[in-house]
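Contents: one structure, followed by commentary.
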Amino acid sequence: MDFNFKEEQLQFADALRRWIDKDYGFDVRHRIVHSATGVSDVAWNTLTELGMLALPVPEAQGGFNGDAVDMLVVMQELGRGLVVEPYFSTVWGARFLALAGNQHRLLEDVAKGELKLACALGEKQSRHDLADIKTIAGINGEGYRIDGTKTVVIHGGQADALIVSARSAGAQRDANGISLFVVRADTPGVTVRDYRTIDGLRAATVQFSHVAVPASALLSKLGGGCEMLDEAADYGTALLCAEALGVMDALFSATLEYLKTRKQFGTPIGSFQAVQHRMADMYIHLEQARSMAMLAAARMSCGDIEERRRVVSAAKVRIGHAAKFIGQQAVQLHGGMGVTGELPAAHHFKRLTTIELTLGDVDHHLERFIAQRGFGQHS
């Protein structure tokens with residue numbers, strides 16, 4: 001397997017990094033986070049102009065048909081810059097639309113940067129089990145009616161449309177009976193309560209009260225959305241792994257630079273052997289995480305469902321462990337400054353902590369990995 005990036009991928013990464021360094025520095029990000037909306041229209045327009053919104057969209061809808069490896073390059077740079085725009089939520093939602101194959105107009109709008117998306121999948125009781133759904137979808141004339149509440153919807157308050165999971169048949173935790181819909185955020189009966197999360201992003205609680213949607217809003221076969229939900233969740237997890245890699249990369253570099261300049265007894269603390277050993281351990285965790293993030297991205301298009309599940313869960317576990325170790329070590333090596341809002345290190349650690357809890361934590365993915373058929377042969 002070739003792990004070298006293509007020239008086009010490196011160009012995307014370079015363009016993003018130059019923009020972040022020039023126009024999306026730490027102070028600019030701070031002002032955006034504490035603004036009324038928590039996002040920047042200027043930054044969103046720049047991402048659109050750079051082709052980042054068109055990257056994952058199929059060519060038939062005006063995109064570049066980028067795969068998960070292409071997206072890894074982008075998400076890594078966005079993680080390195082701690083970008084808080086609703087990019088992840090939108091491209092994750094676009095994955096649902098692409099898998100559905102019947103939402104060409106919406107995909108065109110995504111590619112042009114004219115449509116922001118959010119995925120309303122989790123509920124109060126579900127934790128990491130996306131099949132634990134109380135939200136109900138019933139037939140309503142020629143369309144459907146949705147009732148229920150979704151929680152911690154990433155950038156739900158900034159979205160123009162929502163990808164919604166609802167139960168149209170079966171018991172609360174059944175795999176069968178899950179349906180997926182795309183719902184405009186301004187549809188009557190949709191109520192959004194927006195708030196800022198600990199990592200500086202935005203999330204929302206979204207309530208659906210007698211929300212009527214047309215038949216065209218259905219993304220999957222009625223009651224047959226489990227496989228689409230599973231595949232799109234793995235895609236989103238792979239994107240988060242890539243973002244976490246970028247965050248860890250930036251945090252490691254910042255810590256190394258700090259150790260070269262911070263002096264104790266007139267000597268840079270980076271010269272102390274015990275500190276060097278800790279940095280070496282951080283580097284090992286970082287490179288192991290890098291390998292697993294790349295493997296997860298590569299396996300997204302392998303066509304083997306069990307292999308995809310196994311590798312994505314393994315990557316989330318390895319990256320979760322690496323994020324915890326690198327984050328804790330970085331904060332400690334920065335000393336008291338490591339927990340203050342004045343240094344990026346604390347914000348990197350917060351973002352890593354939130355990624356760990358998004359789309360399944362380490363324990364959840366360990367259980368999922370073990371549950372895959374053939375686990376005994378691979379152990």
(request) Mind listing just one residue for me: the one in the stretch 114-146 that is surrounded by fewer than 18 Cβ atoms within 10 Å (Cβ to Cβ) and in contact with a Gly (Cβ under 8 Å, 6 or more places away or on another chain) and, of those, nearest to residue 363 (Cα to Cα)? (result) 128
(request) Would you mind finding the one in 174, 199, 194, 186 that is under 17 Å from residue 135 (Cα atoms), among the acidic types (Asp, Glu) and either assigned to a loop (DSSP other than H, G, I, E, B) or open to solvent by 10 Å² or more (accessible area, probe 1.4 Å) (or both)? (result) 174
(message) List pairs: first residue in the stretch 53-70 and on the phi > 0 side of the Ramachandran plot, second residue open to solvent by 20 Å² or more (accessible area, probe 1.4 Å) and not acidic (Asp, Glu) anywhere in the structure, Cβ distance under 9 angstrom, at least six positions apart or on different chains.
(response) 62/112; 65/56; 65/58
(message) Among the residues of the stretch 102-120, what is the count of those that are under 24 Å from residue 137 (Cβ atoms) and either in contact with a Phe, Trp or Tyr (Cβ under 7 Å, 6 or more places away or on another chain) or among the aromatic types (Phe, Trp, Tyr) (or both)?
(response) 1
(request) Evaluate the following for residue 330: is it of a type in the set (A, V, I, L, M, F, W, C), modelled with pLDDT under 95, surrounded by fewer than 22 Cβ atoms within 10 Å (Cβ to Cβ) and part of a helix (DSSP H, G or I)? (result) no
(request) May I ask you to verify whether residue 205 is over 19 Å from the mean Cα position of the chain (by Cα) and either in a strand (DSSP E or B) or surrounded by fewer than 16 Cβ atoms within 10 Å (Cβ to Cβ) (or both)? (result) no
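Quick one: in the stretch 239-271, of everything that is open to solvent by less than 70 Å² (accessible area, probe 1.4 Å) and not in a helix (DSSP H, G or I), which residue is modelled with the highest pLDDT?
Ranking the qualifying residues of the stretch 239-271, first place goes to 267.
Condition check ((1) within 19 Å of residue 344 (Cα to Cα); (2) small (Gly, Ala, Ser); (3) open to solvent by less than 20 Å² (accessible area, probe 1.4 Å); (4) outside any loop (DSSP other than H, G, I, E, B)) across all residues:
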residue	(1), (2), (3), (4)
27	yes, no, no, yes
38	yes, yes, yes, no
42	no, no, no, yes
46	no, no, no, yes
51	no, yes, yes, no
54	no, yes, yes, no
57	no, no, yes, no
64	no, no, no, no
69	no, no, no, yes
(message) Let me confirm something: among 79, 93, which residue is crowded, with 16+ Cβ neighbours inside 10 Å, outside any loop (DSSP other than H, G, I, E, B) and in contact with a Gly (Cβ under 8 Å, 6 or more places away or on another chain)?
(response) 79
(message) Filter the stretch 334-379 down to the residues that are out of contact with any His (no Cβ under 6 Å at 6 or more places or on another chain) and among the aliphatic types (A, V, I, L, M) and list them by number.
(response) 337, 339, 343, 346, 352, 355, 357, 359, 362, 366, 370, 371
(request) Write out, first by first residue and then by second, each pair whose Cβ atoms fall under 7 Å of each other, whose residues are 6+ apart or on separate chains, and whose first residue, in the stretch 298-325, is within 24 Å of residue 6 (Cβ to Cβ) while the second is surrounded by fewer than 18 Cβ atoms within 10 Å (Cβ to Cβ) and not acidic (Asp, Glu). (result) 298/1; 308/302
(message) Conditions first: (1) of a type outside the set (A, V, I, L, M); (2) at pLDDT 95 or above; (3) not in a helix (DSSP H, G or I). Residue 4 passes all but one, so which condition is the exception?
(response) (2)
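Determine, yes or no, whether residue 339 is among the aliphatic types (A, V, I, L, M) and surrounded by fewer than 17 Cβ atoms within 10 Å (Cβ to Cβ).
Criteria met by residue 339.
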(request) Kindly provide the set of residues from the stretch 131-159 that are among the hydrophobic types (A, V, I, L, M, F, W, C), more than 19 Å from residue 91 (Cα to Cα) and touching a residue at least 40 places away in the same chain (Cβ under 8 Å), ordered by number. (result) 131, 133, 137, 146
(request) Go through the stretch 336-352 residue by residue and tally those that are over 20 Å from residue 84 (Cα atoms) and either acidic (Asp, Glu) or in contact (Cβ under 8 Å) with a residue 12 or more places away in the chain (or both). (result) 0
(request) Go through (1) under 23 Å from residue 79 (Cβ atoms); (2) open to solvent by 70 Å² or more (accessible area, probe 1.4 Å); (3) in a helix (DSSP H, G or I) one by one and return the number of the condition residue 301 breaks. (result) (3)
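The values are calculated or read from the model by the stated rules, or taken from the named source; none is laboratory data. These figures come from a predicted structure and were not determined experimentally. Here Cβ is always computed from backbone atoms with ideal geometry, including for glycine, and neighbour counts include all displayed protein chains. Ligands, DNA and RNA are excluded from the accessible area calculation, which covers all protein heavy atoms including side chains. Shrake-Rupley method; radii C 1.70, N 1.55, O 1.52, S 1.80 Å.
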